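The values are calculated or read from the model by the stated rules, or taken from the named source; none is laboratory data. Keep in mind it's a predicted model, so treat the numbers as computed, not measured. When we count neighbours, we look across all protein chains shown, and the Cβ atoms used for this are built from the backbone with ideal geometry, even at glycine. Accessible surface is based on the protein model in full, side chains and every heavy atom, while ligands, DNA and RNA are left aside. Shrake-Rupley method; radii C 1.70, N 1.55, O 1.52, S 1.80 Å.
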Amino acid sequence: MALHFELVTPARLVRSDDVYMVVVPGTEGEFGVLEGHAPFMSTVRDGTLRVYKAEGSQPEEIQVQGGFAEVGENGLTVLAEHVD
């Protein structure tokens, strides 16, 4: 199974993809999201979002600045203020 992941800024949709896992830099600490994760919402601090395309793969690192992350039945959506 795959986790549907979307990364969005106020200006555009940066990424929409099915991935294995995403590690998000939450303001209360980093958290990982896999398919089937319980519904969850968090603010996002400036930091590195790590996207794992497959189990055991090297992560793709994306720099984000602020925003929110929401895990729901449709997957993970990160609404970032800015993406480098």
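Things worth noting here:
- In the range 1-12, the residue that is modelled with the highest pLDDT out of those that are open to solvent by 10 Å² or more (accessible area, probe 1.4 Å) and farther than 18 Å from Glu81 by Cβ is His4.
- For first residues located in the range 30-46 and without any contact (Cβ under 8 Å) to a residue 60 or more places away in the chain and at positive phi, partners that are of a type in the set (A, V, I, L, M, F, W, C) and assigned to a loop (DSSP other than H, G, I, E, B) and lie 6+ apart or on another chain with Cβ distances below 6 Å do not occur.
- Test: Arg15 is surrounded by 15 or more Cβ atoms within 10 Å (Cβ to Cβ) and in contact with a Pro (Cβ under 7 Å, 6 or more places away or on another chain): no
- Qualifying residue in the range 50-64 (condition: surrounded by 15 or more Cβ atoms within 10 Å (Cβ to Cβ), at positive phi and either assigned to a strand (DSSP E or B) or among the polar types (S, T, N, Q) (or both)): no
- One residue stands out among those in the range 18-41 that are part of a strand (DSSP E or B) and over 11 Å from the mean Cα position of the chain (by Cα): the one that is surrounded by the fewest Cβ atoms within 10 Å (Cβ to Cβ), which is Gly29.
- Enumeration of residues in the range 65-84 that are touching a residue at least 24 places away in the same chain (Cβ under 8 Å), surrounded by fewer than 18 Cβ atoms within 10 Å (Cβ to Cβ) and over 11 Å from the mean Cα position of the chain (by Cα): Gly72, Glu73, Asn74, Glu81, His82
- Evaluation of Leu13 against (1) more than 16 Å from Gly66 (Cβ to Cβ); (2) touching a residue at least 40 places away in the same chain (Cβ under 8 Å) (one fails), failing number: (2)
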